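Visitor: Handing you a structure now.
The values are calculated or read from the model by the stated rules, or taken from the named source; none is laboratory data. This is a predicted model, so every value here is computed, not measured. So basically every Cβ, Gly included, is an ideal-geometry build from the backbone, and we count neighbours across all protein chains shown. What goes into the accessible areas is simple: the full protein's heavy atoms, side chains included, and nothing from ligands, DNA or RNA. Shrake-Rupley method; radii C 1.70, N 1.55, O 1.52, S 1.80 Å.
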Amino acid sequence: MAMRLRQVCFSIAFAVLILLTPYAARAPAAQVQEILTDGKPVKARTRAIETFQIGHPETTFGDLTFLGGLELLASDRKVGGLSGLISLDKGKRFLAVTDNGHWVSGEIDQAEDGAPNDIRNIRFAPLLGADGKTLQARWGHDTEAVTLAGSGLYVTAEFKNAIYHYPWPLTTGKERMLGQVSLPEDVRSLPRNAGLESLEAAPEGSALHGKMIAVAESSPSDAHDFSAFIIGPDGFERFAIKRRNRFDATDAAFLPNGDLVLMERRFNLRDLIGLRLRRFDAASIRPGAVLEGDVLLEADFNYQIDNMEALAVHQTEQGETILTLLSDNNRSMLQRTVFLRFRLND
């Protein structure tokens, strides 16, 4: 009994420590060392996507310029289901999570402007719990988003409505979970398969510096807003994002100036497939706000998209802002893993 009490007290203290640890700003990706060195290598090939709108050569879409894209074909299905993404080393490398509890890393052969030419040296490894067991062994593996903050990596698990904390750098891929962020009841009680889908650490110099935002995937209807949260050392604060046209929220990324970009996806029999990016002014993201945002990009089945799930932002050596979009193929032969790059023309 005394031992159990000590274990409970330790667990509570550890959860409080994780919650009160400052998340700091998004960590500088340029300082990354080797990652997933003990991960399993995967053979893969890519096919070039030369135009974003099928059959049309245009590259300008509002404030975005399409740089190019790739379809990734991997030999191992564990590399499918890519749901969260971080761009590293100014876009030369990436770290992703899959929706079945795996890390995936790779190198991007890219042009000077950030256009992707190939994806190489792909490796994967299972996410491990604090006890060294895989997340799949404990049914906590529906990992949907990943972000890099000054205090490490944070990963959402949608079914469990949990946020896991991992060390950084993820050198070998055998690093264990450090703990979980303590979540309030209204977050933990979000519906399964409509829980925390987006997670992003705010950049240095922004109004939300030292905090993260999280957004729920869905809501009962367009009449109900997306639940969204500001997560910081002092706890949780709530805001909302208007849901429109039956889109679900799948990922989010901050721009260098603190504006937020939300990726949304439609994937149903009525609307077929769709992608939308909305941009929210940094000053509008505050507790109690209900955000509408401006449409940055919208696309349907006439464009080179699939089940778009992951979004990442980085800057080039020249200071240009690049958006990378990635699809989740659900490990299905009928879907594709699509890797797209756009330049933001601010």
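Visitor: Per 0.36 nm of contour for each residue apart, how much would the distance between D346 and E320 grow if the chain were fully extended, relative to their Cα-Cα spacing?
Guide: Between D346 and E320, full extension yields an extra 8.4 nm.
Visitor: Based on the Kirkwood radius over alpha-carbon pairs, what is the Stokes-Einstein translational diffusion coefficient of region 110-162 at 37 °C with 0.692 mPa s viscosity, in µm²/s?
Guide: 240
Visitor: Here is a follow-up. Just need log10 I(q)/I(0) for region 95-249 at q = 0.08 Å⁻¹, Debye formula, equal scatterers on the alpha-carbon atoms, no solvent, rounded to two decimals.
Guide: Each listed q maps to, in turn, -0.25.
Visitor: Calculate the FRET efficiency for R238 and D281 from the Cβ-Cβ distance with a Förster distance of 30 Å, rounded to the nearest 0.05.
Guide: The calculated FRET efficiency here is 0.95.
Visitor: Less than 13 Å Cβ to Cβ from R77, Lys/Arg counted +1 and Asp/Glu -1: what total charge do the surrounding residues give?
Guide: +1
Visitor: When you count, for each residue, the other Cβ atoms within 10 Å and take the mean per peptide, how do 145-155, 107-117 rank with the highest first?
Guide: 145-155, 107-117
Visitor: Compute the Cα gyration tensor for region 30-75, then decide on rounded, prolate or oblate, letting a ≥ b ≥ c be the square roots of its eigenvalues: rounded whenever a/c is under 1.5, prolate when a/b is larger than b/c in the other cases, and oblate in all that remain.
Guide: Oblate, since a/c reaches 1.5 and b/c is not below a/b.
Visitor: Sort 320-327, 38-45 by the packing proxy (mean of other Cβ within 10 Å over each peptide's residues), most packed first.
Guide: Final packing ranking: 320-327, 38-45.
Visitor: Would you calculate the volume per residue, in Å³, of the smallest convex hull containing every Cα atom of region 220-305?
Guide: Expressed per residue, the convex hull around the Cα atoms of region 220-305 is 106 Å³.
Visitor: Further question on the same structure: For the chain, report the accessible area per residue in Å² (1.4 Å probe, heavy atoms, rounded to an integer).
Guide: 43
Visitor: Same structure again: Under the Kirkwood approximation applied to all pairs of distinct alpha-carbon atoms, what is the hydrodynamic radius of the chain in Å?
Guide: Across the chain, the inverse of the average 1/r is 20.1 Å.
Visitor: Under a point spin-label approximation (7 Å from Cα along Cα-to-Cβ), what is the D300-K133 distance to one decimal in nm?
Guide: Each label point lies 7 Å from its Cα, and together they span 4.8 nm.
Visitor: Pull out the extension gain between K92 and E185, defined as 0.36 nm times the separation in residues minus the alpha carbon to alpha carbon distance; nm, one decimal.
Guide: Between K92 and E185, full extension yields an extra 29.5 nm.
Visitor: Please report the equivalent ellipsoid semi-axes of region 193-259, computed as sqrt(5 x eigenvalue) of the Cα gyration tensor, largest first, in whole Å.
Guide: Whole-Å semi-axes of the equivalent ellipsoid: 23, 13, 10.
Visitor: Here's another thing I want to ask about it. Find the eigenvalues of the gyration tensor of the Cα atoms of region 267-346, then list the square roots of 5 times those eigenvalues as equivalent ellipsoid semi-axes, largest first, in whole angstrom.
Guide: Equivalent ellipsoid semi-axes, largest first: 25, 19, 11 Å.
Visitor: Applying 1/(1 + (r/R0)^6) with R0 = 22 Å to the Cβ-Cβ distance of F159 and H224, what FRET efficiency is obtained, to the nearest 0.05?
Guide: For R0 = 22 Å, the calculated efficiency reads 0.60.
Visitor: Which of the lysines could be linked to K78 by a straight reach, that is with a Cα gap under 16 Å, when you skip same-chain ones fewer than 8 residues away?
Guide: K40, K43
Visitor: On alpha carbon coordinates alone, what is the Rg over Rh value for region 102-192, Rh being the Kirkwood radius?
Guide: Here the Rg-to-Rh quotient is 1.05.
Visitor: Among the lysines, select those whose C-alpha is under 29 Å from the C-alpha of K242, and discard any that sit fewer than 8 residues away in the same chain.
Guide: Reachable lysines: K160, K211.
Visitor: Cα axis of helix 2-20 to longest principal axis of the chain: angle in degrees, 0 to 90, nearest 10?
Guide: 40
Visitor: If you don't mind, there's one more thing I want to ask. So for the chain, averaging the separation of alpha carbon pairs under 8 Å that are six or more residues apart and normalising by length, what relative contact order in percent results?
Guide: 18
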